[in-house]
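Notes for the one structure printed next.
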Amino acid sequence: MDNQATPLRWRGEQYPSTDPAGIYAALVDLDRPGFIVRTPQGIGAVAGGRTASAGDGLPLLAAVPPLSPRRLGSKAFLAAHGVRLPYMAGAMAGGIASADMVVALAKEGLLASFGAAGLLPESIEKALNRFATAIPGLPYAVNLIHSPSEERLEREAVELFLRHRVPCVEASAFLGLTPHIVRYRVAGLRRDADGRVVAGNRVIAKVSRSETAERFMRPASASLVSSLLAQGLITAEQAELAKYVPMADDITVEADSGGHTDRRPLPALLPTILRLRDTVQREHHYPTLIRVGAAGGLGTPTAVAAAFAMGAAYVVTGSVNQSCVESGASKATKAMLADAGIADCDMAPAADMFEMGVELQVLKKGTLFPMRAKRLYELYQTYEGLEALPQAERIRLETQIFRRPLEDVWQECVGYFERRDPEQLERAKGSPKRRMALVFRWYLGMSSRWSTVGDADRTLDYQVWCGPAMGSFNDWVTASYLKPPGNRRVADVAEHLMRGAAFHTRLAQLRTAGVQLPVSAADYRPVPLETAAASLGGAA
């Protein structure tokens with residue numbers, strides 16, 4: 001807004017500041033309007049002020065209204081999940097997105113997803129019992145990961161979710177709908193007193209492909225619903241209501257992220273999924289519009305602001321939370337993450353989809369895991385079983401990667417799957433190739449465990465799921481109180497990313513009005529929240 005005919009004036013203590021620190025202080029005060037004026041000393045800024053008659057004040061160059069971070073996304077997201085910000089901490093498998101993280105964010109009115117993927121049912125149930133006592137009635141979600149190699153785990157997880165009345169599931173890595181995710185969704189359907197269909201079991205689907213997104217945007221297939229009804233897993237009324245609701249309330253568009261990822265750029269992927277959502281909506285006329293959020297690469301306020309500017313209803317962070325105090329990662333892993341740069345990631349085979357050749361993004365700085373895991377997959381593709389491995393290759397595996405005889409590893413696999421999923425052993429009988437896959441998956445699974453527990457003897461084998469957002473976050477917090485991992489708390493990180501996104505949104509509005517601010521006044525800097533509150537209180 002360029003309106004030099006409208007001057008402003010202030011009381012003496014509110015006179016516009018022309019130094020970069022003062023300009024920054026005025027614009028970071030998100031609760032009051034910000035004014036940019038021309039002063040005899042140059043461009044100045046102030047939070048608040050009042051108009052004056054022409055000639056009595058300073059020429060107004062541009063103004064921005066107050067901007068609370070909660071206004072950046074979808075009000076419907078806030079209402080549906082009972083949260084105060086359009087922000088979510090996404091799941092990280094193996095309990096890295098820990099119960100502590102979920103509880104800490106829930107107590108701040110923020111949504112987090114417990115990293116249930118890869119955990120045994122008893123571990124998941126322990127977390128669910130804690131949520132029931134520590135955060136009753138507060139928002140939380142639990143991750144359900146597609147497990148094509150271990151279908152039993154997916155089924156048992158859903159049974160736990162239904163028994164414990166888990167209000168929201170974050171579905172990830174799905175290639176297509178399975179009976180288990182459909183069961184969770186449909187089993188929560190009912191009509192309210194006004195006859196409207198209510199989905200008591202909310203689903204947030206994390207996707208990176210249009211075809212997967214569309215499956216979650218449409219109602220569940222009639223064949224899957226009929227099968228669940230025939231098994232007595234849903235009621236006839238629920239089967240009928242399934243025709244009228246999409247499989248997901250929210251679709252998280254996952255770009256270049258840690259863990260499972262297609263590494264697609266968010267500016268290309270998000271608009272595509274938004275258009276797809278609108279196409280499906282025109283066809284089905286859902287009473288409530290499916291919300292589309294953004295994830296992947298969101299490690300700075302600028303990136304978060306860009307996601308909202310592109311139309312995201314909410315944002316989801318992942319890698320940056322792994323380095324926080326409440327994360328289930330070990331101190332050693334957190335230190336490695338806090339030292340990562342944006343180029344310190346690589347792709348490696350995924351344990352849960354090893355035979356399919358699916359890869360995930362991991363940290364490569366400080367670990368040999370990506371290189372070693374890729375070598376295992378190359379051997380799996382080349383040979384028909386462990387017995388077919390060249391002797392020299394077998395020796396290298398046993399001395400450098402497994403550090404034990406491969407037969408000992410197989411016996412450990414037998415004991416593990418006898419407890420967890422005996423069907424895996426049945427499938428391996430008479431199949432040397434399948435047996436080799438289970439042995440190689442042992443290393444992939446243990447490498448993430450070594451990282452989680454901080455096994456000092458296995459540092460070079462740590463599997464740390466990580467995307468480039470970790471490096472951009474580290475660069476942003478350099479020289480701030482968030483640089484040491486011991487100061488990184490998930491609630492602080494969430495607040496600063498969201499407050500910073502609101503700040504940078506205001507800057508974008510000023511740039512549109514033709515205002516160029518000093519560089520040092522145009523970068524949101526994280527300071528302890530209590531310090532920021534005291535500073536703004538004094539300014540007011």
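Figures for the structure shown
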| item | result |
| --- | --- |
| In region 514-524, the residues that are out of contact with any Phe, Trp or Tyr (no Cβ under 7 Å at 6 or more places or on another chain), aliphatic (A, V, I, L, M) and surrounded by 15 or more Cβ atoms within 10 Å (Cβ to Cβ) | Val515, Leu517, Ala522 |
| Which listed residue is over 29 Å from Cys466 (Cα atoms), surrounded by fewer than 20 Cβ atoms within 10 Å (Cβ to Cβ) and among the polar types (S, T, N, Q), from Ser68, Ser123, Ser74 | Ser68 |
| Condition check for Leu162: within 20 Å of Gly259 (Cβ to Cβ) and of a type outside the set (D, E, K, R) | no |
| Residue tally, condition touching an Asp or Glu at 6+ places or on another chain (Cβ under 9 Å) and part of a loop (DSSP other than H, G, I, E, B), over region 458-472 | 4 |
| Residues of region 458-472 classified as of a type outside the set (Gly, Ala, Ser), open to solvent by 20 Å² or more (accessible area, probe 1.4 Å) and under 21 Å from the mean Cα position of the chain (by Cα), total | 2 |
| Residues within region 141-177 that are farther than 16 Å from Asp352 by Cα and open to solvent by less than 20 Å² (accessible area, probe 1.4 Å), tallied | 9 |
| Pairs where the first residue, in region 264-279, is of a type in the set (Val, Ile, Thr) and the second is open to solvent by less than 60 Å² (accessible area, probe 1.4 Å), C-beta under 7 Å, 6+ apart | Thr272/Ser210; Ile273/Ser210; Ile273/Ala213; Ile273/Ile251; Ile273/Val253; Ile273/Val292 |
| Unmet criterion (only one of (1) over 19 Å from Thr252 (Cβ atoms); (2) assigned to a strand (DSSP E or B)) for Val203 | (1) |
| Residue within region 289-302 that is in contact (Cβ under 8 Å) with a residue 12 or more places away in the chain, open to solvent by less than 60 Å² (accessible area, probe 1.4 Å) and in a helix (DSSP H, G or I) present | yes |
| Residue in region 250-266 that is at negative phi, more than 18 Å from the chain's Cα centre (by Cα) and assigned to a loop (DSSP other than H, G, I, E, B) present | no |
| Pairs, first over 23 Å from Ala89 (Cβ atoms) in region 166-195, second acidic (Asp, Glu), C-beta under 6 Å, six or more apart | His180/Glu154 |
| Boolean, Ser227 is open to solvent by 20 Å² or more (accessible area, probe 1.4 Å), among the small types (Gly, Ala, Ser) and at pLDDT 95 or above | yes |
| Within region 303-333, considering residues that are of a type outside the set (A, V, I, L, M), in contact with a Leu (Cβ under 6 Å, 6 or more places away or on another chain) and in a loop (DSSP other than H, G, I, E, B), the one nearest to Thr252 (Cα to Cα) | Gly311 |
| Scan of region 473-490 for residues that are buried (at least 21 other Cβ atoms within 10 Å of the Cβ) and either under 17 Å from the mean Cα position of the chain (by Cα) or in a helix (DSSP H, G or I) (or both), ordered by number | Phe473, Asn474, Trp476, Val477, Arg488, Val490 |
| Scan of region 409-457 for residues that are more than 21 Å from Arg152 (Cα to Cα), outside any helix (DSSP H, G or I) and open to solvent by 40 Å² or more (accessible area, probe 1.4 Å), ordered by number | Gly430, Asp455 |
| Some residue of region 269-282 being surrounded by fewer than 21 Cβ atoms within 10 Å (Cβ to Cβ) and part of a loop (DSSP other than H, G, I, E, B) | no |
| Within region 172-198, tally of residues that are under 26 Å from Val315 (Cβ atoms) and out of contact with any Lys or Arg (no Cβ under 7 Å at 6 or more places or on another chain) | 7 |
| In region 351-400, the residues that are among the aliphatic types (A, V, I, L, M), assigned to a helix (DSSP H, G or I) and within 30 Å of Lys334 (Cα to Cα) | Ala351, Met353, Met371, Ala373, Leu376, Leu397 |
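The values are calculated or read from the model by the stated rules, or taken from the named source; none is laboratory data. Model, not experiment: these values are computed from the prediction. Note: ideal-geometry Cβ built from the backbone for every residue, glycine included; neighbour counts use all protein chains shown. Areas reflect the complete protein model, heavy atoms only, side chains present, ligands, DNA and RNA absent. Shrake-Rupley method; radii C 1.70, N 1.55, O 1.52, S 1.80 Å.
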